[in-house]
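Written below as structure tokens is the structure these notes are about.
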Amino acid sequence: MGPDLEVIQIRPGESFAVRWHGYPYHTVRWHFHPEYELHQIVATTGRYFVGDFIGEFEVGNLVLTGPNLPHNWISEVPETVPLRCRLIQFSEEFIGGAITTFPELGAVSPLLDLSRRGVLFGKSVSREVMPLLAEITHAYGVHRISLFMSIMEALSRETSPRVLASEDYLPDPSGYVSAGMNQALAYIRYPREPDPAIQRRRPRRDRRTDAERLLALVSQAHRHVAAAIHQAPAHQPRLSDPDEQRRGADFGHLLRGRLQQPVQLQPPVPGRERHAAIAVQTIGCGQFRGRARRIERSSGGKTSLKQEPRSNGGSRKRTSDG
């Protein structure tokens, strides 16, 4: 079974990740990640796997694994352990930039190269690093960087590092990521540029205002009503009845929030279709009246927005031709 891709989250404002956990734990599995990892066991014993290496571990086991090198530690315990290990994870970009900025860090470069096959440190270095790892888990700010440098200094003093995986073992992250779940995790961790063909098929964002969306809905309802009327008997009541007129005006009033002046429809249309036409033509403000007019024309109706002069009483009069 191929290793799983672990997505390492380095928080904003931090250069590296510091973790500690017990056993069992969700990350305790055969896995890999693009970051370096310095891993130390503080409790339990068991068996660990690094690349094609299999060995026994005990308290104090300190290993540095390189990018994309699969690894796992399996403890032999009858029950849950609250704290089993502490670890630091950092990217190639971070440590490479640090070595460029501080040439003195170049002393750890040979260890970083060996870590691509896994490096096991001796007991003396492990004892020196253990309190530093315990302290860095709760450190903040500049003190956190200071402790990281101290850990790197301790590692650089290792005189006989043990390389774990064989020389023939070459990690193949492209092969690991071919699994379906790993492909999804890799896309989340390292999103690629979207395919231009997919971008062309992607629907455009709806940038219409609420009033424009409402206008589109009313227009759609208008077309449905018109289709239903065409299928109905030829004789339909017209808006000659005062109650019909009032209901049509009330419908428009609900949509626009206030009554607009009556409009003239040419030629007269059946009552229900005319209700929808009045609603479309009396939406909110003037900039939508032109849109309503275009909707009416595209729907096949010959609707005009001619305004009738006011009567002596100040009211407006609706007239219909035909």
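The values are calculated or read from the model by the stated rules, or taken from the named source; none is laboratory data. From a predicted model like this one, the values you see are computed outputs, not experimental measurements. No Cβ is skipped: glycine too gets one built from the backbone with ideal geometry, and neighbour counts run over all protein chains shown. Remember, those area values only see protein heavy atoms, side chains included, never the ligands or the DNA or RNA. Shrake-Rupley method; radii C 1.70, N 1.55, O 1.52, S 1.80 Å.
Okay, here's what the table says:
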item	result
Mean separation of Cα contacts under 8 Å (6+ apart) over length of region 81-177, as relative contact order %	36
Solvent accessible area, Å² - Arg223, 1.4 Å probe, full protein context	130
Extension gain from Tyr140 to Tyr25, taking 0.36 nm per residue of separation minus the Cα-Cα distance	38.9 nm
Förster radius 56 Å - calculated FRET efficiency between Ala17 and Ala221 (Cβ-Cβ, nearest 0.05)	0.50
Exposure of Glu56 as accessible area (Å², to 10), given a probe of 1.4 Å and all protein chains	120
Protein-only accessible surface order, largest first, of Ile10, Ile54, Ile99 at 1.4 Å	Ile54, Ile10, Ile99
Probe 1.4 Å, all protein chains present, accessible-area order of Ser160, Ser75, largest first	Ser160, Ser75
Spacing of the two label points (7 Å from each Cα toward its C-beta) at Asp172 and Ile10, in nm	2.9
Neighbourhood charge, 13 Å Cβ-Cβ cut-off, centred on Ile88 and excluding it, Lys, Arg +1 and Asp, Glu -1	-1
